[in-house]
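Some notes on the structure that comes next.
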Amino acid sequence: MARVNDVVLLISSLSKSEKRYFKIFSSVQEGEKFYLVLFDLIDKGSAGRKDLKEQFEAAAKKASFEVTLKYLFKVLMKSMRAFDAEQNIDSLLLRMMQDLRFLYSKGIDHEFMAQVEKLKSTALKYEKNYYFLEAAQLELEYYTRTNFQNVSEESLIEKQTAINGVLEHEMKISHHSDLYQLLLHRFASKGVLRNENEKQKFDDLVLSESHLIANPHYHSFHSQQLHMLFQSVYFRLIGSPELSLDLYHELDVLFEKYDFLWTENPMYYVNVLEGILNNLHSIGNYDALPFFIEKLKAVKLKSREQEKLWEVIYPFEIIFHTGRGEFDAAKEVLLQNKDQVNRSAKELLSATNAKVFYYNALLYFGLKEWKNALHSLNQIWNNDHSFVSYEILTVTRVLALLVHYEMENFDYINYEIRGFERNLKKNGALYDLEKILFKFFRNAIKANDAASAQKCLINGNKDILRLLVKQQDNRLSVWFDIAAWFDAKIKRQPFALYTRNKFSASKN
């Protein structure tokens with residue numbers, strides 16, 4: 001049965017034209033339409049998810065909430081299939097395939113053969129190989145049924161070879177996709193690799209991918225895309241963002257060359273541009289961010305997807321300023337986007353809106369607005385974070401500890417690090433960086449005068465720098481420049497001023 005959250009998310013994702021089409025589609029349905037009452041309650045946001053059932057049962061006393069929810073989901077899916085029928089190449093090829101089967105069943109031979117060739121060439125052009133295979137197999141069935149009239153043995157073998165070639169290519173694409181997804185899963189769950197031992201655990205994926213791409217017959221837009229994505233993610237994993245960035249630039253060129261293959265699914269291109277921005281952020285090339293931010297803004301999506309695209313773009317607009325020490329300018333960006341930020345806060349927590357809240361907290365941290373920083377971090381930590389990566393959750397807790405340190409909430413820090421450390425040990429994620437920070441916080445809590453506190457900061461800074469020099473763990477520094485914070489505290493400079501001076505020095 002459809003869950004309440006699924007139906008709410010589905011309705012909130014619909015564009016105005018899709019909602020209008022749903023209402024028109026529903027108008028031709030017969031019987032009582034309690035599902036429209038439920039649709040309106042969800043669409044207008046007049047009922048929260050917890051009391052949605054109660055409000056529906058009050059408005060439609062004869063109806064079962066569970067049955068109506070299930071039927072609403074069914075009608076929504078059916079109407080969106082109809083709405084989408086004229087929208088994309090898959091729908092066109094599906095209709096062509098349906099026409100082909102009809103012509104085959106009726107024995108309309110001449111038109112059948114003309115449609116077969118048209119469908120196969122269209123499917124290959126757009127790399128929709130499953131439609132090619134279905135049409136090609138139906139063509140062979142036709143030749144078998146007509147006792148192979150009008151086809152020579154050479155032509156038959158050529159057609160069989162073409163099918164086998166496409167099948168082999170699809171098997172390789174499937175295997176390549178498996179490797180890429182496994183790599184992404186490990187990246188999402190573990191983050192940047194810490195040492196050579198961890199890198200060796202990825203040798204199986206890297207070796208399999210290199211064998212696959214070495215095949216001279218394995219060449220298409222999709223295969224090139226998978227190869228560049230795999231390699232770029234791997235280089236990010238091992239802490240080489242410059243090499244990853246080079247590959248993303250090549251991928252951007254590839255997408256622009258074959259734009260007709262992805263314009264119906266522009267989220268693929270969004271992922272490429274997001275990867276470029278992540279790498280620019282990783283290497284501290286903040287000046288290059290605006291160009292690719294504008295490219296992201298130029299991508300045209302459906303209205304709901306456009307709203308989700310904002311959640312991708314917005315953190316980079318904040319990063320552009322916070323990375324340069326311009327925290328006041330970052331707050332101006334926040335104020336200009338206040339409505340979208342508030343709307344994002346009302347939705348289920350995801351990897352994208354979690355970044356919105358984290359970078360809001362970071363800009364508040366730079367402005368010493370500690371309560372606002374904690375409020376933003378709590379929007380991540382106090383909600384269901386099932387779909388948020390462990391890395392984001394970890395840096396969220398680290399930044400929260402730093403806020404409490406600035407607020408001198410030492411009793412809270414003492415309580416929090418015990419639970420934090422226990423959780424990291426349980427998940428096998430207590431690495432050297434976290435150990436250094438826990439050691440610093442424990443010592444800082446015990447410091448009973450300014451000299452002792454300063455000594456804690458100096459020792460903590462040395463440990464952090466030693467770790468970064470070894471390049472064993474630069475994961476946190478991408479999200480928050482912890483070494484800069486330590487140095488700023490030692491020199492008694494505001495973090496914003498220190499960051500601004502550091503950025504200016506890097507330009508000279």
* Can you give the angle from 0 to 90° between the axis of helix 351-366 and the longest principal axis of the chain, with both taken from C-alpha atoms, to the nearest 10? -> 20
* Structure fact -> Normalised per residue, the volume inside the convex hull of the alpha-carbon atoms of the chain in Å³ amounts to 187
* **Mean Cβ neighbour count within 10 Å, used as a protection proxy, ranking 228-237, 428-437, 446-455 highest first** => 228-237, 428-437, 446-455
* Dipole magnitude of the stretch 367-508, debye to nearest 20 (Cβ charges: Lys/Arg +1, Asp/Glu -1, about Cα centre) -> 440
* To do: Could you grab the relative contact order for the stretch 89-151? Cα pairs under 8 Å, six or more apart, rounded to a whole percent.
  => 30
* To do: Give the angle, between 0 and 90 degrees and rounded to the nearest 10, that separates the Cα long axis of helix 495-507 from the longest principal axis of the Cα atoms of the chain.
  => 70
* Calculate the dipole size of the chain relative to its Cα centre from +1 charges on Lys and Arg beta carbons and -1 charges on Asp and Glu beta carbons; express the result in debye to the nearest 20. => 2000
* **Relative contact order %, the chain, counting alpha carbon pairs below 8 Å whose residues are six or more apart** => 10
* **DSSP-loop trypsin sites (Lys or Arg not before Pro) across the stretch 318-351, with at most 13 other Cβ within 10 angstrom** => K346
* What full-extension length gain, to one decimal in nm, is calculated for Q306 and S27 as 0.36 nm per residue of separation minus the Cα-Cα distance? -> 97.6 nm
* Calculated FRET efficiency, R466 and K19, Cβ-Cβ r, R0 56 Å, to nearest 0.05? -> 0.45
* Asked: What is the P(r) of the stretch 389-508, as percent of Cα-Cα pairs per 10 Å bin from 0?
  -> 12, 44, 35, 8, 0
* Rg over Rh, two decimals, the stretch 89-151 (C-alpha only, Kirkwood Rh) -> 0.96
* Asked: Of the peptides 25-32, 414-421, how do they stack up when ordered by the mean number of other Cβ atoms within 10 Å, highest first?
  -> 414-421, 25-32
* To do: Mind giving me the FRET efficiency for N448 and R418? R0 is 22 Å, r the Cβ-Cβ distance, nearest 0.05 is fine.
  => 0.55
* So what is Rg over Rh here for the stretch 4-84, counting just Cα atoms and using Kirkwood for Rh? -> 0.93
* Can you tell which of H281, Y359, Y142 lies farthest toward the positive end of the dipole of the chain, using +1 and -1 charges on the Cβ of basic and acidic side chains (Lys, Arg; Asp, Glu)? -> Y359
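Rule-based calculations on the coordinates, nothing more; no lab input. The structure displayed is predicted, hence computed values, not measured ones. Every residue, glycine among them, receives a Cβ derived from its backbone with ideal geometry; neighbour counts consider all protein chains shown.
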